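The values are calculated or read from the model by the stated rules, or taken from the named source; none is laboratory data. This is a predicted model, so every value here is computed, not measured. Methodologically, a virtual Cβ is constructed for each residue, glycine included, from the backbone with ideal geometry; neighbour enumeration extends over all protein chains shown. To get the accessible areas, we keep the full protein, side chains included, count just its heavy atoms, and leave off ligands, DNA and RNA. Shrake-Rupley method; radii C 1.70, N 1.55, O 1.52, S 1.80 Å.
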Amino acid sequence: MKKLLNNLFQRVEYFLEDLLAFISVPDCPGCGVTLENPRLPLCSDCDNDLRKTFSGDGPVCLFCRYFATRECTCNNDKPLPVPQLFYWGNYNDVVREIIHRFKFDGQYKIGRHITEIALDALNERIYNLKLDFIIPVPMLKKDKIKRGFNQTDIIADVVSQRLNIPIEPKLLRKVKETKPQSKLGANERWQNVKDAFAVDNGERLKGCSLLLVDDIVTTGATSWESTKALYKAGAKDVTVFSLVSNNISTL
Ligand SMILES: [Zn+2]
Ligand SMILES: [Zn+2]
């Protein structure tokens, strides 16, 4: 019943967002033209460009972005198995604008659409994974209230529907206040999120293969700290899905 109600509320939200988009005649986040079809969040040229620009990457080791093996020894102080990362694209001006509109202007539709594009690009590489649950990277409750939503819930919802794998949205919790990672240097980022996540009553995760969903992965610190908490609860392995990341040359 609760799930049904949640679903209903979400549909109503999407409907209202559609209505708003229709009334306000939005512009394309890629090129700024007025959208010929306000039901679509991107113009067809930018949509095609994005699909051509990024073909997705993964699986790669979360730490070195180079080897695909879960036994990668590039980072000796982290226990195995190493989380594998799949991501769609790198930051460029268009992607930055899209992510900004999604996260800070609450444009769900562009977030859902870009997730669809990412899954199309990764295709069978991600569809063939054997997974038990999808876990969105959580926010503190007060931050979620402030923003009105958690962007990773929206990405995870699309991934769940497309992969037909259930979401476990409540098991992984954020338990520590952190600064925005984007404002910190690489070393500070690891310190900032250290021990920031925990799993309560995670019996059902024992022995499971999990897909952790995030919007942006840069150092991998947030993904690793989330993974650590999931391992502690008994997860067998963790794969990370992110819309945006940096490849080995920009690490
Ligand atoms: Zn455009
Ligand atoms: Zn590695």
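Summary table below
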| read-out | value |
| --- | --- |
| Highest-first arrangement of 153-160, 90-97, where packing means the average Cβ count within 10 Å | 153-160, 90-97 |
| Residue pairs, from the table LYS103/LYS146; LYS141/LYS170; LYS109/LYS174, whose Cα atoms sit over 21 Å apart | LYS109/LYS174 |
| Karplus-derived 3J(HN,Hα), 6.51/-1.76/1.60, for each residue of region 79-92, Hz, glycine and proline x | x, 7, x, 5, x, 9, 10, 10, 9, 8, x, 9, 5, 9 |
| Cleavage-rule hits (trypsin sites (Lys or Arg not before Pro)) in region 154-251: DSSP loop, at most 16 neighbouring Cβ within 10 angstrom | LYS170, LYS176, LYS194, LYS206, LYS236 |
| Set of region 171-190 residues, backbone N closer than 15 Å to the point 7 Å along the Cα-Cβ line of GLN10 | 171 |
| The chain - mean residue ellipticity at 222 nm from DSSP helices (-39,500 (n - 2.57) per run, n ≥ 4, rounded to 500) | -12500 deg cm²/dmol |
| Distance histogram for region 33-136 (every C-alpha pair counted, 10 angstrom bins, percent rounded to whole numbers) | 13, 37, 30, 16, 4, 0 |
| Unmatched cysteines, the chain - criterion: no other Cβ of a Cys under 4.7 angstrom | CYS31, CYS46, CYS208 |
| Degrees separating the helix 151-163 axis from the principal Cα axis of the chain, which is the longest one | 90 |
| Accessible area in square angstrom per residue, the chain, 1.4 angstrom probe | 52 |
| Fraction of beta bridges assigned by DSSP in region 56-250 that are antiparallel (%, nearest 5) | 25 |
| Simple Cβ-charge dipole of the chain, Lys/Arg +1 and Asp/Glu -1, about Cα centre, in debye nearest 20 | 960 |
| Fraction of accessible area attributable to carbon and sulfur, the chain (%, probe 1.4 Å) | 54 |
| Cα-based convex hull volume of the chain per residue, rounded to whole Å³ | 130 |
| Note, ³J(HN,Hα) from phi for region 169-176, Karplus 6.51, -1.76, 1.60, rounded to Hz, x at Gly and Pro | x, 10, 5, 8, 10, 8, 10, 9 |
